[in-house]
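Have a look at the structure below, then the notes.
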Amino acid sequence: MGARSGKAGTADRNDAEVEFVHATAGGLQVDIVPCPPEDGSTDGAALEAAARELLADLEVTAGRVTVRDHAAPAWVVKARLEAALGRTGVTR
Amino acid sequence: MRLRRTRLYMPGNGPRLFIKGPPPEADSVILDLEDSVPPAEKDAARILVRYALESVNWGDKEVLVRVNPMSTPYGPADVRMVGHMPDGLIIPKCETPTDVLQVALLLDEVEAERGLPAGKVKLIPLIETARGVLNALEVAKSSPRNTSLAFGAEDYTADVGGERTNEGSELLFARSMIVAAAKAAGIGASDTVFGDFRDMDGLYREAKQAAAMGFDGKGAIHPNQLPVIIRAFTPDTGRIEKAKRIMEAIKKAEAEGSAVVAVGGKMVDPPVRARAEKIIAQAKAAGVYKE
């Protein structure tokens, strides 16, 4: 196991800042935070589904994911989450 | 004929530029993992590029990835993760055939592991040092995967201790060597990027000069540069009409059993015919040829 938490991504338009914090129990928590908060374009449910799909692929069963979304498509969120996970030692 | 007039660099560490797909004027796009990505972001950029290659609609564009040099820890990791996915890889700081073969051998492994046809992914060695220029022919001939040589003027100028000028005479030797080496090896040649993306006159001048030297296209760092480069690398009406007259005269002479062809009082010899055929092929590929 590497670091307890990892971050990836930027606050640029169409990107996402993603943080993953490991946990040993308690399941998975995924929070999607639109940035700016009044931005209604974010499809939070689709982004959460994408994040959970990746976590399942990588067999991550516990931890907290926070996605600060800057109008990113789902594949960008997955890419940033995979990089954040990689920085904690979770790789394909 | 596949046109390679424009190849647009896009930094691989941010999705903003390639999220909507490539601009229509780009013949090739390059997702860059090298100079535009700081060391601390190499891992995340590699992953982002992998998802972009899978997810973005690239249409009929030639999609390339510039990997890091194999002498760094990043280069082999780049080839292992995304090497099999694009149409080709650009190998930066290429100086010897070994630099190409290291990538080619790793690609052989990656393609075999994934059950892909051997040699599917092409290579474009980027020549940007004095040593690379002097070894250009050997580099060009080093692998059947090579489709063209590319030139990087900024690093080259720094390497020889020179200075970039608007007039560009400091690049003449290197550009000539690269074109000659590429054509002798039977592959294409792509000219360096033009760094000032606001100076469209300077860009046009340099692109026109590159086209006259035999380059097939030029790199771009900004989408606004693409139409200017296309204009420089597309034959104008006068050249197309002249090429048509030459080809019509050749056809007529052949039909009459004559080996001697003249147009406008000038003999048409094999190089003139070859140039006319190339202009017509370029014009047809660019959609500016009218029967």
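Every number in this text was worked out from the coordinates using simple rules, so none of it is lab data. Just so you know, these numbers come straight off a predicted model, no measurement behind them. With ideal geometry, Cβ positions are generated from the backbone for all residues, glycine too; neighbour counts draw on all protein chains shown.
Note on residue B:205 and residue B:278: the model spin-label points, each 7 Å out from Cα along the C-beta direction, lie 2.5 nm apart. Length gained on full extension, residue B:72 to residue B:290, computed as 0.36 nm times the residue gap minus the Cα-Cα distance: 73.5 nm.
Cross-linked pairs B:120/B:278; B:218/B:251; B:93/B:244; B:42/B:208: Cα-Cα separations exceed 32 Å for B:218/B:251; B:93/B:244; B:42/B:208.
Counting DSSP beta bridges in chain B, what percent are antiparallel, to the nearest 5?
5
With the charge dipole of chain B set up from +1 on Lys and Arg Cβ and -1 on Asp and Glu Cβ about the Cα centre, the Cα lying farthest toward the positive end among the listed residues B:132, B:150, B:107 is that of B:150. For a Förster distance of 22 Å, can you work out the FRET efficiency between the beta-carbons of residue A:33 and residue A:4, rounded to the nearest 0.05? The computed FRET efficiency comes out at 0.60.
Result for chain B in a Gaussian network model with C-alpha springs under 10 Å: among B:223, B:73, B:97, the largest mean-square fluctuation is at B:73. When the charge dipole of the stretch A:19-86 is built from unit charges on Cβ atoms (+1 for Lys and Arg, -1 for Asp and Glu) and taken about the Cα centre, the candidate among A:25, A:66, A:46 whose Cα reaches farthest toward its positive end is A:25.
Close amide H pairs (under 5 Å, H built 1.01 Å from N) link residue B:263 with B:268, residues at least 5 positions away or on another chain.
With a 10 Å cut-off around each Cβ of A:69-82, the average count of Cβ atoms from other chains is 4. Going by a ≥ b ≥ c, the root eigenvalues of the Cα gyration tensor, does the stretch B:6-233 fall in the rounded group (a/c under 1.5), the prolate group (a/b larger than b/c) or the oblate group? Taking the square roots of the gyration eigenvalues as a ≥ b ≥ c, the stretch B:6-233 is oblate. Modelled spin labels at residue A:11 and residue B:196, positioned 7 Å past Cα toward Cβ, are 3.4 nm from each other.
Kindly put B:116, B:123, B:33, A:54 in sequence by how many other C-beta atoms sit within 10 Å of each C-beta, fewest to most. Intermediate values should be presented prior to the final figure.
Values: B:116 14, B:123 24, B:33 29, A:54 18.
Least to most surrounded, the residues fall as B:116, A:54, B:123, B:33.
Amide H contacts for residue A:63 (H built 1.01 Å from N in the peptide plane; partners 5 or more residues away or on another chain; cut-off under 5 Å): A:23, A:27, A:28, A:29.
When the GluC sites (Glu not before Pro) in the stretch B:135-233 are filtered for DSSP coil states and for at most 13 other beta-carbon atoms within 10 Å of their beta-carbon, the remaining sites are B:163, B:167. Would you please state which residues of the stretch B:274-288 a label at residue B:259 would reach in this model, taking the label point 7 Å out along Cα→Cβ and a backbone N cut-off of under 18 Å? Counting backbone N atoms under 18 Å from the label point, the list is B:274.
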